[in-house]
Amino acid sequence: MTRRPVDLAAVAASRRRRAAATLKYPELISPAKQARLAAWAAEQEEPATMAEKKRATARGGLTEVIHFRVAPEDLARLDALSERIPVASRNTITRAALRLGITALEEDPARFLQATVTPPASGRKRS
């Protein structure tokens, strides 16, 4: 006896219709199913946020991501520090440096000028 192939697109469409009907008429299902459905619906609204919150718990609350450019000299300094402190990754050292820097700037905001005033790398002047 040969089996008919399963139409996966039709199965997926059927599941979507069933889920939509269940959302539209939640009184037709048991209270336990209603609770599970409510949790599922909340997760579907913000799946990335829910997943990120779960991962953040495992990472000690580190939920935000920032990207910025650094000078090659600063990167070399971070690499040198990561070699001197082998128990910490470069990312961990960068976070520690950021926190220490923020603390220093909170104590003396004028230090910002010391960090940002650097001579140009080349002989050209900026216009």
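Derivation of every value follows stated rules applied to the coordinates shown; laboratory data play no part. This one's a predicted model, so the numbers in the text were calculated from it and none came from an experiment. Note that we place each Cβ from the backbone using ideal geometry, even for glycine, and neighbour counts take in every protein chain shown.
A few points about this structure:
- Added length on full extension, which subtracts the Cα-Cα distance from 0.36 nm per residue, Arg95 to Ala39: 16.7 nm
- Sum of side-chain charges, Arg84 neighbourhood, beta-carbon under 15 Å (Lys, Arg +1; Asp, Glu -1): 0
- Burial ordering of Ile93, Ile102, Ile85, Ile66, fewest other beta-carbon atoms within 10 Å first: Ile66, Ile102, Ile85, Ile93
- Once the Cα-Cα distance is subtracted from the 0.36 nm per residue extended length, the Ala110 to Ser30 segment shows a gain of 22.5 nm.
- Shown is the FRET efficiency for Ile85 and Leu23, computed with R0 = 35 Å from the Cβ-Cβ distance and rounded to the nearest 0.05: 0.10.
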